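Working notes, structure below.
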Amino acid sequence: MRVAVIHRLTCFVFGALITAGCDAGSPESPASSVDTTPPEVTVLSPLSGATVESTVTVDVDATDESGVERIELWIDGALEATDPEAPWSLAWDTKNYDNGTVLLSVKAFDGVGNEASTAPVSMDIANVSRVSIVNTARSTVEVVLNGGQTVRLSSNETLMYSEAGQESLSYEAATARFYPNAARPDPQVLWSGLVDLSSGRDREVMLEVSSSYALFAYEPTDSRSFSRVVAYYDDGTTATINALFQLGGGPIGYLPIDGLAYMEGYGAGIQAFWVPGKDFVVPNVPNQLIVLEYPFLEP
């Protein structure tokens, strides 16, 4: 015991002189360890073979000795979403995919570059398509769906259609806003089409025209009649219709509505005023100039 103690002291005191001898009798330092173990990752929900729709929450369990840095959701081999912190949960919008079977997997990464991936599991997407029919025309729109149901849409109004089991949606739309006492003209179908609903994705149909015209009808109640209609536009220009009308009334014609500020109707002591979206005002006169604001194609 005493010799051993003296030896250690000698090495300490005279270490500079007998360094080699002391090193030879010293134990080697252990090598530093390198983390090469990948994380453990499991998909908790949805389970393999699940039927999913809309936005789905994918819950994941992921652990690692060095700590999990992030997880990734992969759909059919493409990155869908990333979560940088626990609890591990990812939102998956299935509306971005067609109905049918897809493969889902999750990858986990630790702080030193190790990664692990779950085995791909199948998911069945079964969404019901939603169709938005947007009326951007100035007038009320009558939309006929699938050759039967008719829906009226005001200007800037949107119709939402969704029906489970429907593979397609056909539509026809004609627009007209009718004022009092005006005879309804034959509807002019301006838009029609067939929307594929089989994919389950949401669709949008825009009802719009590049230019529109107003159809005028005269409703006389006595011998007085309007002889002309003048339209005033925002850019300072005007447009005039000159005509003579028989008793019993009848159509006057078309004038562009685009950029219209207001209109005036003139007759034998009669003057009427109109701005888009309003009835003609005929002060103290039984005669009426009726405006059917209708986005006709140019006549």
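All of the numbers you see were taken from the coordinates with simple rules; none came from a lab. It should be emphasised that the depicted structure is a prediction, and the values quoted were computed from it without experimental measurement. Please note: Cβ atoms are built from the backbone with ideal geometry, for glycine as well, and neighbour counts cover all protein chains shown.
Give the residues of segment 59-90 whose amide nitrogen is closer than 20 Å to a point set 7 Å from the Cα of T36 in the direction of its Cβ. 64-67, by backbone N distance to the label point. Length gained on full extension, S122 to A239, computed as 0.36 nm times the residue gap minus the Cα-Cα distance: 35.6 nm. The trypsin sites (Lys or Arg not before Pro) found in segment 66-165 include none that occupy coil by DSSP while having at most 12 further C-beta atoms within 10 Å.
Stretching S198 away from T57 to a fully extended chain increases their span by 48.4 nm, per 0.36 nm per residue minus the current alpha-carbon distance. Sequentially through segment 56-61, phi angles give Karplus couplings (6.51, -1.76, 1.60; θ = phi - 60°) of 10, 8, 9, 8, 10, 10 Hz, Gly and Pro residues having no value and appearing as x. In this rough spin-label picture, where each label sits 7 Å from Cα along the Cβ direction, the E65-S89 distance is 3.1 nm.
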